[in-house]
Amino acid sequence: MKRRDLLRHLERYGCEFIREGGSHTVYANRKSKKCSTVPRHREIIEFTARKICKDLDIPQPS
């Protein structure tokens, strides 16, 4: 999955950008009070995308 598509999915479900790390970006879901990191690669494998969504309590990307 493209990183851009994953970030759009996160923002569509109410997740917010928090900060940039050295090789990752931190997003948080304020409703569930959870946060997760998104690696800064062009392609993110499906397992990682599903794990990020699970960490943030949002539906899996299609």
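Here, each number is a calculation from the coordinates, and none is a lab measurement. Since the structure is predicted, the reported quantities are computational estimates derived from the model, not experimental observations. Reconstructed Cβ throughout: ideal geometry from the backbone, glycine too, with neighbour counts over all protein chains shown.
Note on the range 31-51: residues that are of a type outside the set (Lys, Arg) and surrounded by 13 or more Cβ atoms within 10 Å (Cβ to Cβ) total 9.
Give the residue, chosen from Gly22, Gly14, that is among the small types (Gly, Ala, Ser) and at positive phi. Full working, then the answer.
Details: Gly22 fails: at positive phi.
Residue meeting the stated conditions: Gly14.
Scanning the range 4-57 for residues that are assigned to a strand (DSSP E or B) and under 12 Å from the mean Cα position of the chain (by Cα) yields a total of 16. The residues on offer are His24, His9, and the sole one that is in contact (Cβ under 8 Å) with a residue 40 or more places away in the chain and surrounded by 12 or more Cβ atoms within 10 Å (Cβ to Cβ) is His9.
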